[in-house]
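A short write-up of the structure that comes next.
The values are calculated or read from the model by the stated rules, or taken from the named source; none is laboratory data. All of these numbers come straight from a predicted model, not from anything done at the bench. Here the Cβ is made from the backbone with ideal geometry for all residues, glycine too, and neighbour counts use every protein chain on show.
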């Protein structure tokens, strides 16, 4: 009996330490949020950047416009693009990025423009994603996911671009979705699920949306509002622009609304959405790659039907204080403590309420 009691006590302690005792991890709610964290990259460095904001309008780079992580330290191709960040249900922070350097030949990282023949596999033709994980936004572990090696049927993919994530509450897993094509065919967005260690795919990717008439699209972003999932994409149907599809399900049944959501007159891509703290307002950001210098554009909505155009960074209400020419953004809400710790790490003089 004594040994049985000791065993019961041992396993009770073990379960509690590992977080499996009947309590679920309580994540900070919106009322606990005090700042906005933007992640982005730049073409000239192919590195990862962070910017903080107290109000969701004015953003300050934490490292004075320099990368916080150099692409050549984490990526097979020595460069990253298209960063995305999320807070996991386990309290950890997760990032997914494209493993691709478009100037690798010029930088001396390879002998050819692309890894493989451009006629057969098209622009970029990368096959990898970079995965990062952190408990505090400061210390990051990383791994490279070679999508083409995950399943035999993916061996000849032409690219794996712009990964994003969302937590599937029904499955209790992170759903990863990204742009992919086979050979040099048209791009679509595919979804899959990540393993517990956030290193490998659990299922072969499946297409999340078939665009009418087989048109190409890239760069998906999913935001859940109430019981609806809003999927924003970069449509290539008549130029590159942002459109929306809506579903009751996280990865199926999306109904496309063929109506432009951005306010641009030229090509844009990489849509992503964040909520304004304490307000019934969401901001849609997109990368305007077709203008020089590059910039971000912004539209705001309260109902996901009508979008109020806010203009570009530093040309309207949206501001940057110490950086320019950003590419492919994503924004999450963080707490005062998290923001202060991040600012202190990078010696950024910024106070949060």
Test residue 328 against the stated conditions and say whether it is touching a residue at least 12 places away in the same chain (Cβ under 8 Å) and farther than 26 Å from residue 93 by Cα.
-> no
By residue number, the members of the stretch 303-313 that are touching a strand residue (DSSP E or B) at 6+ places or on another chain (Cβ under 6 Å) and either part of a strand (DSSP E or B) or farther than 18 Å from residue 258 by Cα (or both) are 308, 309, 310, 312, 313
Is it the case that residue 258 is at pLDDT below 95 and either over 18 Å from the mean Cα position of the chain (by Cα) or at positive phi (or both)?
-> yes
When only residues in the stretch 269-284 that are assigned to a loop (DSSP other than H, G, I, E, B) and in contact with a strand residue (DSSP E or B) (Cβ under 7 Å, 6 or more places away or on another chain) count, which is surrounded by the fewest Cβ atoms within 10 Å (Cβ to Cβ)?
-> 281
Scanning for something assigned to a loop (DSSP other than H, G, I, E, B) and at positive phi, does the stretch 126-144 turn up at least one residue?
-> yes
Please work out which residue is nearest to residue 324 (Cα to Cα), limiting yourself to the stretch 68-82 and to residues that are within 17 Å of the chain's Cα centre (by Cα) and in a loop (DSSP other than H, G, I, E, B).
-> 68
Checked the stretch 92-116 for anything surrounded by 14 or more Cβ atoms within 10 Å (Cβ to Cβ) and in a helix (DSSP H, G or I); matches are 104
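Residues checked against (1) part of a loop (DSSP other than H, G, I, E, B); (2) crowded, with 22+ Cβ neighbours inside 10 Å; (3) touching a helix residue (DSSP H, G or I) at 6+ places or on another chain (Cβ under 6 Å):
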| site | (1), (2), (3) |
| --- | --- |
| 210 | yes, no, no |
| 219 | no, yes, no |
| 223 | no, no, no |
| 233 | no, yes, no |
| 239 | yes, no, no |
| 244 | no, yes, no |
| 256 | no, no, no |
| 267 | yes, no, no |
Among (1) surrounded by fewer than 18 Cβ atoms within 10 Å (Cβ to Cβ); (2) closer than 21 Å to residue 85 by Cα; (3) in contact (Cβ under 8 Å) with a residue 40 or more places away in the chain, which single condition is residue 287 missing?
-> (1)
